[in-house]
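First up is the structure itself, then whatever we jot down about it.
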Amino acid sequence: QKEVEQDPGPLSVPEGAIVSLNCTYSNSAFQYFMWYRQYSRKGPELLMYTYSSGNKEDGRFTAQVDKSSKYISLFIRDSQPSDSATYLCAMSTQGGSEKLVFGKGTKLTVNP
Amino acid sequence: NAGVTQTPKFRILKIGQSMTLQCTQDMNHNYMYWYRQDPGMGLKLIYYSVGAGITDKGEVPNGYNVSRSTTEDFPLRLELAAPSQTSVYFCASSYLNRLDLHFGPGTRLTVT
């Protein structure tokens with residue numbers, strides 16, 4: 001079983017839709033959970049950062065972590081064409097940044 | 001701040017050639033990283049550095065070398081290029097081992 005699993009999509013939604021992006025993981029030692037956004041032909045940029053379980057909200061974005069199910073989600077409300085990008089989940093134990101494990105990324109297109 | 005800059009943006013190499021990918025950051029970050037991203041795959045760590053003069057291997061170091069003579073620069077050297085090294089290479093940096101990595105725009109390398 002891969003350490004981090006992420007459905008690569010692609011996912012295509014109409015503008016204004018609620019988007020749900022997900023990752024599952026197998027390593028119960030993961031404590032830090034991140035979502036990076038990567039626009040086409042650009043480097044990834046950090047979007048959301050969560051420690052341990054629970055929810056975190058930032059504007060139209062909500063990150064959710066369920067450690068009991070080893071499942072994390074990113075919700076995008078009122079999606080916009082500018083949200084079209086690849087979203088990568090990333091996770092780490094307490095070991096530090098060199099131990100970051102990335103998912104393969106889900107490509108999202110929001111159609112106007 | 002320019003952030004993390006990478007040169008060149010694109011490069012085509014013949015099998016057996018060598019080249020150096022340049023990376024510079026102006027954020028005074030201690031930690032720097034080299035990742036490769038293959039289509040449909042997550043980011044894989046090649047090498048990282050925790051400060052000038054200190055480097056260490058990541059998940060996929062074979063065929064690459066790095067050096068870190070200054071805080072700002074972290075070049076990646078490919079010796080004897082092989083088709084398996086065709087990929088997009090991202091340099092990143094972070095303050096200490098924080099998990100909010102700052103990525104450069106990437107170098108697209110093709111080995112034929």
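Rule-based calculations on the coordinates, nothing more; no lab input. All values derive from a computational prediction rather than experimental measurement. Using ideal geometry, Cβ is built from the backbone for each residue, glycine included, and neighbour counts are taken over all protein chains shown.
Residues in the stretch B:100-112 carry Karplus couplings, in order, of 8, 6, 9, 9, x, x, x, 10, 8, 10, 10, 10, 10 Hz; the curve used is 6.51 cos²θ - 1.76 cosθ + 1.60 with θ = phi - 60°, and Gly or Pro positions show x.
Cross-link pairs exceeding 27 Å between alpha carbons, from the set A:K42/B:K44; A:K42/B:K57; A:K67/B:K57; A:K70/A:K99; A:K42/A:K67: A:K67/B:K57; A:K42/A:K67.
The Cβ shell under 14 Å around B:N97 holds other residues with a net charge of -1, Lys and Arg each +1, Asp and Glu each -1. Rounded to the nearest 20 debye, the dipole magnitude of chain A is 200 debye, with +1 charges on Lys and Arg beta carbons, -1 on Asp and Glu beta carbons, and the Cα centre as origin. Here the stretch B:1-40 and the stretch B:77-112 have alpha carbon centers that stand 5 Å from each other. Note on the protein assembly as shown: semi-axes of the ellipsoid equivalent to its C-alpha gyration tensor, largest first and rounded to whole Å, are 30, 20, 16.
Rounded, prolate or oblate: pick one for chain B, where a ≥ b ≥ c are the square roots of the eigenvalues of its C-alpha gyration tensor, a/c under 1.5 means rounded, and failing that, prolate if a/b is larger than b/c, else oblate. Display every interim value, and only then the final one.
Values: a/c = 1.69, a/b = 1.62, b/c = 1.04.
Because a/c hits 1.5 or more and a/b exceeds b/c, chain B counts as prolate.
In loop segments of the stretch B:1-71 as defined by DSSP, the trypsin sites (Lys or Arg not before Pro) with at most 13 further C-beta atoms inside 10 Å of their C-beta are B:K9, B:K14. Please list, in chain and number order, the residues 5+ apart from B:Q17 or on another chain whose amide H is under 5 Å from its amide H, with Hs placed from the backbone. Counting only residues 5 or more places away or on other chains, the set is B:A81. Structural descriptor for chain B: relative contact order 36 percent, calculated from alpha carbon pairs under 8 angstrom and at least 6 residues apart. Summing charges over neighbours of B:N30, with a neighbour being any other residue whose Cβ is under 15 Å away from its Cβ, gives -4 when K and R count +1 and D and E count -1.
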